[in-house]
Amino acid sequence: MGTVVQQGPEIWLRGPVAVAGFEGTAHPGAAARRFSWVGTHGGAGVSTLAAVFGGQDCGRDWPGPGGPPSVLLVARTHAAGLASALHTVEVFRRGEAAPPGLDLDAVVLVADAPGRLPRPLAQQIKVIESVIDVYRVPWVQGWRLGDLTGTPPRETAALARLTGIRSR
């Protein structure tokens with residue numbers, strides 16, 4: 001006869017948790033929390049986001065020792081990008097790929113084209129949003145042309161607050 005072990009419900013904390021005195025708190029004058037940007041596929045936009053919002057550009061690798069343990073996964077909003085984002089979140093959740101000690105804070109989805117998303121892609125985003133916080137970055141023509149100066153789009157205000165950059 002086997003022993004039945006009762007476990008409580010799995011609890012997920014969505015987004016970073018502010019702790020008094022911890023870097024990244026929402027208190028005025030506090031230092032910005034540093035993040036590691038990790039692409040779930042090639043061409044996701046990791047280098048651009050790290051240049052605009054700060055943090056460590058990890059490419060498609062997990063941050064190494066000494067790198068910021070707070071991870072923002074990055075993917076494009078096309079079908080392959082969304083599938084890779086969801087897959088990476090699931091792999092991280094199961095503890096199968098990432099080194100120990102990392103915190104998966106959110107997924108950042110970068111528009112793959114200007115305009116509205118087709119319905120099937122919007123539905124895939126809803127699935128990702130059901131398991132983790134998602135920040136959206138719209139199409140920015142200037143970034144495509146290599147101009148990373150200027151103010152980030154207003155649609156990225158929540159991401160700017162998360163990463164601690166000031167509005168310009």
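Throughout, read-outs are computed from the coordinates displayed, never taken from laboratory work. This structure is a prediction, so every number in the text was calculated from the model and none was measured. For neighbour counting, all protein chains shown are included, and Cβ atoms are generated from backbone atoms with ideal geometry for every residue, glycine included.
What would the Debye equation give as log₁₀ I(q)/I(0) for segment 36-159 at q = 0.21 Å⁻¹, counting only Cα atoms as equal point scatterers? Debye output, listed in q order: -1.26. Our estimate of slack between Ala97 and Ala83, defined as 0.36 nm per intervening residue step minus the Cα-Cα distance, is 3.4 nm. Near the amide H of Ala106, within less than 5 Å, lie the amide hydrogens of Leu73, all on another chain or at least 5 residues away, with H placed in the peptide plane. Modelled label positions at Glu129 and Arg154, each set 7 Å beyond Cα in the direction of Cβ, lie 2.0 nm from each other. Over segment 68-140, the alpha carbon radius of gyration divided by the compact-protein estimate 2.2 N^0.38 Å works out to 1.11.
Couplings for segment 98-113, taken from phi via the Karplus curve 6.51 cos²θ - 1.76 cosθ + 1.60 with θ = phi - 60°, read 6, x, x, x, 8, 10, 8, 8, 5, 10, 10, 9, 9, 4, 8, 6 Hz in order; Gly and Pro are left as x.
Three principal axis extents describe the C-alpha atoms of segment 126-168; from largest down they are 33, 22, 13 Å.
Annotation for segment 31-82 versus segment 92-168: alpha-carbon center distance of 10 Å.
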